[in-house]
Amino acid sequence: MKKIIETLQGKKFEIPPIWLMRQAGRYLPEYREVRSNYDDFMQFCFDSKAIQKVTLQPIDRFDFDAAIIFSDILVIPHILGQSVRFEKNHGPVLSDVNWEHLFDQSNTINMPEVMRPVTEGIRATRQELSDDKALFGFAGSPWTIATYMVSRGKTQDFAQIEPFIKSNPDVFASIINVLTKKVTQWLQLQIDAGCDVVQIFDSWAGMVPEKYYESILIKPLLSIVKALQQSHAQIPIIYFGKGISNYYPTLAKQVSNIAFGIDQHTDVNFINLNLPSHIAVQGNLDPISLKNGTFDSDVKKLKNVFKDRPYVFNLGHGILPDTPIEHVERLMQLIKS
Ligand code: CP3
């Protein structure tokens with residue numbers, strides 16, 4: 001049995017299952033070694049052998065309850081023809097785009113074919129991973145992916161994108177539509193290849209003004225979740241909407257049967273009081289307190305606050321690259337004690 005899956009299906013454990021967002025990454029020397037073989041990050045993301053190797057590294061080292069497939073949310077724009085490269089100390093840079101051309105392209109693209117290196121990596125990883133561990137597939141939300149596509153890199157705030165939405169409302173709606181379809185198909189392909197659970201990363205949800213929630217956040221999410229619940233009813237879905245956890249009690253009524261990832265700024269008591277207690281939550285430990293090794297009281301508090309609901313231990317956002325490995329080891333001991 002997979003403890004994380006059981007938890008997401010509603011079971012409560014005294015010792016919660018644990019994995020960490022961005023657990024395969026630069027804080028691991030063995031990751032940096034594999035990474036150094038590639039100048040181009042996207043080439044790395046499409047190498048089946050490297051995917052398998054790097055996905056399993058944190059499991060071998062820390063014995064987490066789940067692996068997350070090594071990939072990136074930006075593989076979607078990349079396969080749609082908006083190429084992505086990563087500049088050191090700068091983050092992603094996306095190429096210029098002709099939207100009409102990209103929309104045309106999106107109709108002809110053979111997703112199973114172009115994603116084959118990744119799905120092969122998933123298949124191989126699932127085979128090697130022990131039965132009691134879950135394998136996460138993931139994608140960005142349409143909105144979060146769109147922020148990178150429209151600003152051709154990281155977006156600082158909504159004001160950077162709102163002029164585009166206002167002057168090209170039809171184009172923006174088409175971007176969200178195309179991404180909704182592609183994200184749905186990509187998650188389905190990952191599940192077919194062997195993923196047991198999927199997470200939707202909406203890292204920039206917190207930027208969106210409430211008047212846009214319906215069109216930008218909820219409608220696309222509902223469409224993805226409905227399609228997955230129809231095609232793969234048994235696969236749990238986690239929505240990580242960074243910065244909007246106060247809205248989760250309402251969102252849970254609009255999009256049913258999903259679990260929620262909560263960031264480190266979330267008021268956990270508010271969640272406990274307002275989100276029905278059968279709904280699973282995941283996360284909340286501040287990545288900075290893991291980095292600094294000052295997490296003992298936070299861990300105790302989280303275990304206590306969420307003792308009466310299904311809870312998956314995790315961070316509130318990705319692990320920081322300069323996190324000492326000993327702190328992760330000590331966190332594991334503390335959780336399991
Ligand atoms: O969690 C895991 O271990 C699985 C792998 C994973 C990566 N990216 C690998 C990666 C996952 C789940 C992601 C998600 C992702 N990617 C998100 C959503 C989650 C979040 O952190 O908000 C976003 C917004 C991206 C886009 C992205 N990819 C950015 C902004 C960057 C550069 C900034 C950074 O953190 O370095 C990346 C690059 C990236 N993706 C790296 C890794 C391990 C580091 C690149 C490197 O090794 O050179």
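No lab work stands behind these numbers, since they all come straight from the coordinates. None of these values were measured; they are calculated from a predicted model. With ideal geometry, Cβ positions are generated from the backbone for all residues, glycine too; neighbour counts draw on all protein chains shown.
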Stretchable slack from Glu128 to Phe41, in nm (0.36 nm times residue separation minus alpha-carbon distance):
28.9 nm
Note, ³J(HN,Hα) from phi for the range 162-167, Karplus 6.51, -1.76, 1.60, rounded to Hz, x at Gly and Pro
4, x, 5, 4, 6, 8
Most mobile of Gly261, Gly318, Gly283 per a Gaussian network model of the chain (Cα springs, under 10 Å)?
Gly318
Quickly rank 179-190, 24-35, 133-144, 81-92 as a protection proxy: mean count of other C-beta atoms within 10 Å, highest first.
133-144, 179-190, 24-35, 81-92
Can you divide the C-alpha Rg of the range 81-137 by 2.2 N^0.38 Å and report the result to two decimal places?
1.61
At a Cα cut-off below 19 Å, give the lysines reachable from Lys133, other chains included and same-chain residues fewer than 8 away excluded.
Lys2, Lys3, Lys11, Lys12, Lys53, Lys336
How many percent of all Cα-Cα pairs in the range 39-178 sit more than 23 Å apart?
43
Listed residues Ile79, Ile109, Ile122, most fluctuating in the chain (Gaussian network, C-alpha, under 10 Å):
Ile109
Considering only C-alpha atoms, what is the centroid distance from the range 107-180 to the range 191-244, in Å?
11
Helix-derived [θ] at 222 nm for the chain: sum -39500 (n - 2.57) over DSSP H runs of at least 4, divide by residue count, nearest 500?
-13500 deg cm²/dmol
So if I take the alpha carbon set of the chain, get Rg, then get Rh from the Kirkwood formula, what is the Rg over Rh ratio?
0.94
At the level of C-alpha centres, the distance separating the range 257-305 and the range 33-77, in angstrom, is 26
Once you have the Cα-Cα distance between Gln333 and Asn89, take 0.36 nm times their residue separation minus that, and quote the gain in nm to one decimal.
84.6 nm
Using amide H atoms built in the peptide plane, which far-off residues or other-chain residues are under 5 Å from Gln199 H to H?
Gly137, Phe138, Ala139, Ile238
If I model a spin label at Glu6 and Asn177 as a point 7 Å from the Cα along the Cα→Cβ vector, what separation in nanometres do I get?
4.6
Pop out the ³J(HN,Hα) list for the range 267-278 in order, Karplus 6.51 cos²θ - 1.76 cosθ + 1.60 with θ = phi - 60°, rounded to Hz; leave Gly and Pro as x.
7, 5, 5, 4, 4, 4, 6, 10, 9, x, 6, 7
So if each residue of separation counts as 0.36 nm, and I subtract the Cα-Cα distance between Asp157 and Glu100, what length gain in nm does that give?
18.0 nm
Could you sort 102-108, 290-296 so that the peptide with the highest average Cβ count within 10 Å comes first and the rest follow in order?
290-296, 102-108
I'd like the Karplus ³J(HN,Hα) series for the range 185-193: coefficients 6.51, -1.76, 1.60, θ = phi - 60°, whole numbers in Hz, and an x wherever there's a Gly or Pro.
5, 5, 5, 4, 5, 5, 5, 4, 7
Over all pairs of distinct alpha carbons, what does the Kirkwood formula give as the hydrodynamic radius of the range 160-308, in Å?
16.9
